[in-house]
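Structure record follows, encoded as C-alpha cells.
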Amino acid sequence: MPARTERLDMRLTPEQKDLLERAAQVAGLPLTGFALSHLVERAQEILDRSQRTLLSRRDAKRFLDILSADPEPVPALRAALRRRKSRRG
C-alpha cells in the first residue's frame, strides 16, 4: 500500500461530526478510516457512473439493431476500394 502522505482537512458542523462518529463506531472503525473508506468508495462510484451511458429499452434495442445491421458501403468507400484494387493489380 502506498504511503499516506497527503492530507484533507474539512470543517464540519457539530451535528455532522457526531453523525460520522456514531456511524464509525457502529462500523467498528476509527473516524478517519470510516470517512476515508466511504469517500473513496463514493468517488469511485461517481467516476464509474460517468464512464457509462444508460439507455432506455427502446434506445438500447435501436443501438443493438444498428450494430448488428449489415451496413451498405457509401459510394466514396466503394470508389476507394476500386482504386486500391487497381493499384495492386
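The numbers here are math on the coordinates, done by the rules we state, and not lab data. Computed from a predicted structure; not experimentally measured. Every residue, glycine as well, gets a Cβ built from its backbone with ideal geometry; the counts of neighbours run over all protein chains shown.
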- Query: Hey, can you list the DSSP H helices of the chain whose Cα span along the axis is 30 Å or longer and whose average Kyte-Doolittle score is at least -1.0?
  - Reply: none
- Message: Taking the Cα centre as origin and putting +1 on Lys and Arg beta-carbons and -1 on Asp and Glu beta-carbons, what dipole magnitude results for the chain, to the nearest 20 debye?
- Response: 1280 debye
- Message: Looking at the chain as a GNM with Cα springs under 10 Å, which of L19, L77, L39 has the largest mean-square fluctuation?
- Response: L77
- Please find, in a Gaussian network model of the chain (springs between Cα atoms separated by less than 10 Å), the residue of R52, R22, R78 whose mean-square fluctuation is greatest. R78
- Note on the structure: Among S37, A69, A24, the residue whose Cα sits farthest towards the positive end of the charge dipole of segment 14-88 (+1 at Cβ of Lys and Arg, -1 at Cβ of Asp and Glu, taken about the Cα centre) is A69
- Note on the structure: Taking N as the residue count of the chain, its alpha carbon Rg divided by 2.2 N^0.38 Å gives 2.28
